[in-house]
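Scroll down for the structure; my scribbles are underneath it.
The values are calculated or read from the model by the stated rules, or taken from the named source; none is laboratory data. Just so you know, these numbers come straight off a predicted model, no measurement behind them. For neighbour counting, all protein chains shown are included, and Cβ atoms are generated from backbone atoms with ideal geometry for every residue, glycine included. For accessibility, only protein heavy atoms count, side chains too; no ligands or nucleic acids. Shrake-Rupley method; radii C 1.70, N 1.55, O 1.52, S 1.80 Å.
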Amino acid sequence: MIRFPWRLLRAGYRATLGRRRMLTGVVLALVLALVLAFISNFWLPFRIGYVLLFALMAGALWTWLHTQGLRVRRDLAQTRLTAGDSLLERIEIANRLRLPKLWLEVRSVSDLPREHGSRVVSLGSRARRSWEVATVCPRRGLFTLGPVTVRVSDPFDLFHWERRFGRKQEIVVYPRALDLPGYALPPASLPGEGRYRRRAHYVTPNAAGVREYQSGDALNRIHWPSTVRTGELMVKTFEFDPASHVWVVLDMDARVQAGSGDESTTEYAVTVAASLVRHFLAQSRVVGLLTFSDGLHMIEPDRGGAQLTHMLELLAVVQPVGDVGLGSLLLQHGHSWGRQTTLIAVTSSVERRWTHALRALRIRGVRTAATLIDAESFGGPAGAAALRSELLANQIAATRVGRGDDIPAALSRTAGQPLAAAP
């Protein structure tokens, strides 16, 4: 038994006539005029039917012709930005036909929060237009931009046609990394002579010796006194700075977060972490990052601009969806940290377990510090002030950042709070 495709008809109606009231009205009027014309055989319904039929055909043809011969191009100034920066995109639309284009709605599709993303333009014969769109990126994250859509309608608003141009592009918005002029932590105690006996592939303040010149060596590394003495070109070799590894541990446990949007413990903690890694990398320190979100994310310690970019890309997308607390994270990875490590925990948790883990690391010789995001100021549980006092009593440098606080000023309070050595 063959069933009539009612579902298919209903879906087709919702996709066409059901969404266009003007088109629905014209089609119903056309059907009514033709029915009356054949029943009465009167000339007026025939004329009305012909006019309506001509209007439908003309509207469809108009809409189709306005989508032909279009070329749309979009250029982005950059695809990596920092929260608060403006994304600048240039859109150009060209008409390659002699037929003018009237009333084209050009829209750049994006999941970025934006106030204006569309513009209505008209193009003459073989004409082109271009304009720039600046969008402020208010928050960190991974966003998509594109494609550019051009929407066309006939003068009677009977038919709509939409074409897409270009591909989707990903935009990464880094968190704000603030300057911390007043923030200073002493390095950890290094074993032995306090110097890494490991050669560096770039110039550091620590020259370790000289060797013969090899093809590709920079001329500014030539050691001229040794060259004059030996009669051969000699270049300097370097070692890493006698400084500790700095680990920033970011707590992304969903159970300890409070607030929403930009005014949340999550965003404050990410901003603090980004500011810390930028601060230490600017000092040519070796910095690592550890957090647990949708999984374990660990960036091994390194230095340089590439390391900062790597960390900011992680911090741009990390979300508070983890179910592993800071205490468990410190206990699981504490065996890899020693006297050559300076550890800074960033958390909004008011539990005592992670403070015990931090104290155990300090006893082992790890230099420890903590930045507490005061969850109470975001509508969460109280206890950050008491927890900070407890950490200071255990000779662990601690700062507290509340909602609305100036982060650089709050973090500068660690000045004068030395990280005590292990007993």
Stokes-Einstein D for the stretch 25-89 (4 °C, 1.567 mPa s, Kirkwood Rh from Cα pairs), in µm²/s, comes to 81 µm²/s
For a quick check of understanding: with a 1.4 angstrom probe and all protein chains in place, what accessible area in square angstrom does His279 have, to the nearest ten? 30 Å²
Amide H neighbours of Ala345 at under 5 Å, excluding residues fewer than 5 places away on the same chain, with H built from the backbone geometry, are Val249, Ala369, Ala370, Thr371
Can you give me the Kirkwood hydrodynamic radius for the stretch 304-376, using every pair of distinct Cα atoms, in Å to one decimal? 13.7 Å
Note: Glu376 to Arg151 extended length (0.36 nm per residue) minus current alpha-carbon separation gives 76.1 nm
How long are the semi-axes of the equivalent ellipsoid of the stretch 257-339, defined as square roots of 5 times the Cα gyration tensor eigenvalues? Whole Å, largest first. 21, 18, 11
The percentage of Cα-Cα pairs in the stretch 29-179 separated by more than 18 Å is 65 percent
Selection from Gly325, Ala409, Ile363, by position along the positive dipole direction of the stretch 304-423 (Cβ): Ile363
Percentage relative contact order, the stretch 16-161, counting C-alpha pairs under 8 Å, at least six apart: 25 percent
At R0 = 56 Å, how high is the FRET efficiency between Arg164 and Val228 if r is their beta carbon distance? Nearest 0.05 is fine. 0.25
Find the Rg to Rh ratio for the stretch 99-182, where Rh is the Kirkwood radius over alpha-carbon pairs and Rg uses the same atoms. 1.14
Whole-number percent relative contact order across the stretch 271-377, with pairs defined as alpha carbons under 8 Å at least 6 apart: 21 percent
Using the Cα atoms as the points, what is the convex hull volume per residue of the stretch 265-400 in Å³? 102 Å³
